[in-house]
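Data block below; observations after.
The values are calculated or read from the model by the stated rules, or taken from the named source; none is laboratory data. This one's a predicted model, so the numbers in the text were calculated from it and none came from an experiment. Cβ coordinates were reconstructed from backbone atoms using ideal geometry, including for glycine residues, and neighbour counts include every protein chain displayed. The accessibility values were calculated without ligands, DNA or RNA, using every heavy atom of the protein model including side chains. Shrake-Rupley method; radii C 1.70, N 1.55, O 1.52, S 1.80 Å.
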Amino acid sequence: MERIGIELEEAVRIITEAIQPILETEMVTLEEAGGRIAARSYCSQIDNPPFDRSPLDGYAFRSQDVKDATSDAPVKLRVTRTLYAGDWYDKGVEAGEAVRIMTGAPIPPGADCVIRQEETSLCQREPDVVLIPHSMKPYENYCFQGEDTKNGTLLLSKGEVIGSIEQGILASAGIAQAEVYRKPRIALFVSGDELCSPGEELKPGKIYDSNLWLLSGRMRELGISPMVQKMAGDDPQEIAEEIKKVIGQADMVITTGGVSVGAKDIFHQVLPLLGAKRLFWRVSMKPGTPAMFALFSGKPMLHLSGNPFAAAATFELLAVPALEKMTGDLRLADKHKKAILGVDFKKSGGRRFVRGRLERGTVTLPITQKHSSGILFSMKGCNCLVDLLPSKEPVKAGQEVDVVLLTNVW
C-alpha cells in the first residue's frame with residue numbers, strides 16, 4: 001500500500017526491504033580487487049615466509065660455537081660463502097663456520113642465529129675469517145618459516161572488504177585473483193527542460209546541470225560507477241521509454257527532478273506509464289520532502305528532488321542505505337554521531353538536515369549560513385549532515401545534536 005508523508009526511518013525501511021542483495025560474483029585480478037567485497041574466504045596454501053630467513057645483514061652460524069666469546073677474546077669463524085635474498089644453499093653450516101648473509105636470505109641448515117654485521121670485524125691476517133665479540137642465544141635474530149602465516153591460515157573472510165593490506169596479504173600467499181561480488185548497476189537519470197550540459201552555450205532561461213555530476217561522482221567515491229548516466233527533458237513518455245530500455249540490466253534506477261507538485265513534475269505520469277508500483281511519496285523532512293520510491297519489473301526506483309543540495313542530502317539518507325543492502329558493504333552503513341553545535345541556527349518547525357563540518361566533537365555550519373535546497377556551493381568542505389529534529393525554538397550553540405557522517409569509501 002502506498003504511503004504519503006512518512007518519516008525518514010520508515011522510508012529507509014521500505015527501501016531496504018525492497019532491495020535484494022547482489023549474489024552474482026566475478027573473478028578479478030588482485031589489482032582490480034581493491035575496494036571490492038570478497039565473495040569467498042581465502043586460506044594460505046603455503047607457509048609465509050616459506051623458509052627460515054635472516055631479518056638483517058650479518059653472519060649466520062651455530063650459537064654453541066660462540067658461547068665463550070667476549071670482546072677481549074672474540075671467537076674466529078671461517079666464512080664459507082655469501083647468501084643474498086633469493087639465493088638458496090642447502091649445505092649445512094659446520095662447527096667453526098659462518099655464512100655471510102643478507103636481509104631476507106634463507107638461513108642455511110645448521111645455523112641457528114644471526115649477528116649484525118656492524119657488531120663484527122674481519123681478521124686482518126685472514127680475510128675469510130670473521131671475529132664474533134660476544135655470545136649469541138639460539139634463534140637470536142632468526143625469522144622462522146611460517147612466522148607471518150602458516151599453511152591453512154585464514155587470510156580473508158567472505159564478506160570482507162579487500163583493502164590494500166588484504167591485497168598485500170593475498171599477494172604474499174601467491175594469490176593472483178580474487179572472487180568478488182559484482183558491483184551494482186545503477187541507472188542515473190536527471191530530468192528537466194531547463195538543463196544543459198557543462199561546456200554547452202548557456203542559453204536564456206537555462207541552467208547548467210550539476211546533479212548528474214554530483215551524484216555520479218558521489219557513487220564513484222563510494223566505489224560504484226553508474227551503468228547509465230543521462231540528462232533528459234520533461235517529457236513523461238521519453239523518460240518512461242528510457243527507463244524501459246535499462247530496467248532489465250539495472251539493479252536500481254535513481255532520478256532527480258519531477259517529483260513535486262508542479263505542472264512539469266512528470267514522475268506522477270511516468271510511473272503510471274510504466275505500470276510501476278509507487279510505495280511512498282513525500283518524506284517528513286527538509287530538504288527533499290517530495291522524494292518518491294517505486295518498483296518497476298521488480299526493480300527499485302528512487303526519485304529525488306531536482307534541487308542540488310536536496311538531491312545530495314536525500315541520496316545520502318535514502319540511496320546509500322539501499323546501496324549498503326545491495327552490496328553488503330558495511331562501510332556504507334549509517335554513521336550517526338552525537339556532536340555539539342558550534343553556532344546558533346535559526347530554525348524552527350519540522351525535521352531538517354543542514355550541511356556541517358564535524359571536528360573534535362563540535363559541528364560548525366557554513367559561514368554563509370546559506371542552507372537553501374537549491375544552493376550547492378556552501379556544501380564545499382562539509383563532512384556531515386546535521387539532523388535537527390522538530391522544534392518550535394531556534395537551535396542554540398552548545399546544544400547536542402545528531403550528525404550523519406558523509407563517508408568516502410574508495
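Structural remarks
- Subset of the range 392-410 that is outside any strand (DSSP E or B) and of a type in the set (Val, Ile, Thr) - its residue that is nearest to ARG220 (Cα to Cα): VAL409
- Candidate set from the range 95-115 (those that are free of Cβ contacts under 8 Å to residues at least 40 places away in the same chain and closer than 12 Å to ARG81 by Cβ); member that is least open to solvent (accessible area, probe 1.4 Å): ALA98
- Subset tally (residues that are over 17 Å from GLN124 (Cα atoms), assigned to a strand (DSSP E or B) and open to solvent by 80 Å² or more (accessible area, probe 1.4 Å)) for the range 71-94: 1
- Count of the range 51-70 residues which are closer than 15 Å to THR120 by Cβ, open to solvent by 50 Å² or more (accessible area, probe 1.4 Å) and hydrophobic (A, V, I, L, M, F, W, C): 0
- Residue check for GLU26: in a helix (DSSP H, G or I) and either open to solvent by 60 Å² or more (accessible area, probe 1.4 Å) or touching a His at 6+ places or on another chain (Cβ under 7 Å) (or both): no
- Test: residue in the range 306-328 that is under 20 Å from PRO236 (Cβ atoms) and over 27 Å from the mean Cα position of the chain (by Cα): yes
- For the range 354-391, the set of residues classified as buried (at least 16 other Cβ atoms within 10 Å of the Cβ), assigned to a strand (DSSP E or B) and out of contact with any Asp or Glu (no Cβ under 6 Å at 6 or more places or on another chain) consists of VAL354, ARG355, GLY356, ARG357, LEU358, VAL363, THR364, CYS384, LEU385, VAL386, LEU388, listed by residue number.
- Residue pairs meeting the criteria (Cβ under 6 Å; at least 6 apart or on separate chains; first at pLDDT 95 or above and surrounded by fewer than 17 Cβ atoms within 10 Å (Cβ to Cβ), in the range 207-218; second assigned to a strand (DSSP E or B) and not aromatic (Phe, Trp, Tyr)): none
- Residue ID - least open to solvent (accessible area, probe 1.4 Å), chosen from residues in the range 131-161 that are farther than 20 Å from ARG116 by Cα and of a type in the set (Asp, Glu): GLU160
- Residue within the range 75-87 that is small (Gly, Ala, Ser) and within 26 Å of THR149 (Cα to Cα) present: yes
- Counting only residues that are part of a loop (DSSP other than H, G, I, E, B), farther than 30 Å from LEU295 by Cβ and either free of Cβ contacts under 8 Å to residues at least 40 places away in the same chain or among the basic types (Lys, Arg) (or both), the range 32-56 holds 2 of them.
- Number of positions in the range 185-202 that are of a type outside the set (Lys, Arg), within 30 Å of GLU160 (Cβ to Cβ) and open to solvent by 10 Å² or more (accessible area, probe 1.4 Å): 0
- Filter result for ILE266 (of a type in the set (A, V, I, L, M), at pLDDT below 95 and either buried (at least 19 other Cβ atoms within 10 Å of the Cβ) or in contact with a Ser or Thr (Cβ under 6 Å, 6 or more places away or on another chain) (or both)): yes
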